[in-house]
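Inspection log for the structure reproduced underneath, given as structure tokens.
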Amino acid sequence: GTGSANVVVGIIDSGMDYRHEDLKANVFTNSSEDAWSDPLNPATGNKIDDDHNGYVDDWKGWNFVNNTNDPNDDNSHGTHVAGTIGAVGNNGVGVTGVCWQVRLLPLKFLNANGEGNTYNAAKAITYAADLKIKILNNSWGGTDNATYLLEAVQYAADKGVLFVAAAGNDGLNTDEYPNYPACYEVSNIISVAASDQSDQRALWGGEDNPSDDCGFTCSNVMAATPGSNYGPHSVDLAAPGKAIWSTVPGGYARFDGTSMASPHVAGAAALIWSKYPGLSSTQVRERLFANVDQVAGFAGVVATNGRLNLFKAMQ
């Protein structure tokens, strides 16, 4: 399978370079909103809230930092995440996403410094749920256990949205030191740890490549932390998160982090849904969990004891 344009993945992050050569063909457009006259210029909308959702000219997502219809990425983190989920495949350039054909919805709540707040994140989650999208990728997190954030995640669950979240990069057992939103006990959440090329829990430091550090700050310089968070109860599965090559504004780069692992799972969910469109979010989640490769490096480290295997999940 290569995916379907009927599946939409919302990317709650620092935005996305929707002009990127490897992403622009897969960017979501809101069919209930009048198209921009120049499809690459958000200022060319008709200045009318055509779908009456409170967001004017939100044809390609929304910027919750500045409250505008321009979700362009001025940090690079969100664009990197987007490429892993759904960079266009078989086009002769750049990289290929896990799901070649998909619609990517940029929902910007992190600013140019990678800083954001839970209130804007909660608004982004609610916005996406009201659009009836299938999947939300959340490559961010922190210790702020805000009630309104939990309520937004539960609202998305009630709408049938699958909520994929990065477990965090502090090398901690999140059974003991929770990281939110990944650690909320809501039925639609998938919490993702990062694996390396040897199927071990990914560790940071000593690499030449840039790395990822996404809490409610999200830069591309890793703090002095041991590696991926883990938790035999609070983290569900692992996915590749070490030296991941993907899109960034105007080009390509290699990052580390659970922020890079989460979009592998979000992309896998999108591909599964494209093949089995009648599945519920719970069924997609359980299909991913039941088909991991149970590897020694994650035994007792994550709830499934394993690392994502998309081939088995598609079968």
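The values are calculated or read from the model by the stated rules, or taken from the named source; none is laboratory data. Everything numeric in this text was worked out from a predicted model, so none of it was measured. Neighbour counts are summed over all protein chains in view; Cβ atoms, including those assigned to glycine, are modelled from backbone coordinates with ideal geometry. All accessible areas refer to the heavy atoms of the entire protein, side chains included, with ligands and DNA or RNA removed. Shrake-Rupley method; radii C 1.70, N 1.55, O 1.52, S 1.80 Å.
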Conditions (1) closer than 20 Å to residue 191 by Cβ; (2) in contact with a strand residue (DSSP E or B) (Cβ under 6 Å, 6 or more places away or on another chain); number of the one not met by residue 79: (1)
I'd like to know if the stretch 127-149 contains one or more residues that are under 20 Å from residue 273 (Cβ atoms), buried (at least 19 other Cβ atoms within 10 Å of the Cβ), among the small types (Gly, Ala, Ser) and in contact with a Gly (Cβ under 8 Å, 6 or more places away or on another chain). yes
Kindly provide the set of residues from the stretch 257-268 that are under 11 Å from the mean Cα position of the chain (by Cα) and either among the small types (Gly, Ala, Ser) or not in a helix (DSSP H, G or I) (or both), ordered by number. 259, 261, 262, 266, 267
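Only one of 54, 94, 15, 89 is in contact (Cβ under 8 Å) with a residue 60 or more places away in the chain, assigned to a loop (DSSP other than H, G, I, E, B) and open to solvent by 50 Å² or more (accessible area, probe 1.4 Å); which?
94
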Looking at (1) surrounded by fewer than 19 Cβ atoms within 10 Å (Cβ to Cβ); (2) more than 30 Å from residue 19 (Cβ to Cβ); (3) modelled with pLDDT of 95 or more, which one does residue 180 not meet, given that it meets all the others? (1)
With the requirement that a residue be in a loop (DSSP other than H, G, I, E, B) and farther than 21 Å from residue 127 by Cα, what does the stretch 29-46 give you? 37, 38, 39, 40, 41
Looking at the stretch 296-315, I want the residues that are closer than 17 Å to residue 271 by Cα and have a partner that is outside any helix (DSSP H, G or I) and at pLDDT below 95 with Cβ atoms under 7 Å, at least 6 apart or on another chain. Which pairs are those? 314/1
Would you mind stating whether residue 152 is within 22 Å of residue 284 (Cα to Cα), in a strand (DSSP E or B) and at pLDDT 95 or above? no
Residue set 133, 190; condition within 19 Å of residue 7 (Cα to Cα), assigned to a strand (DSSP E or B) and either modelled with pLDDT of 95 or more or not charged (D, E, K, R) (or both); output residue 190
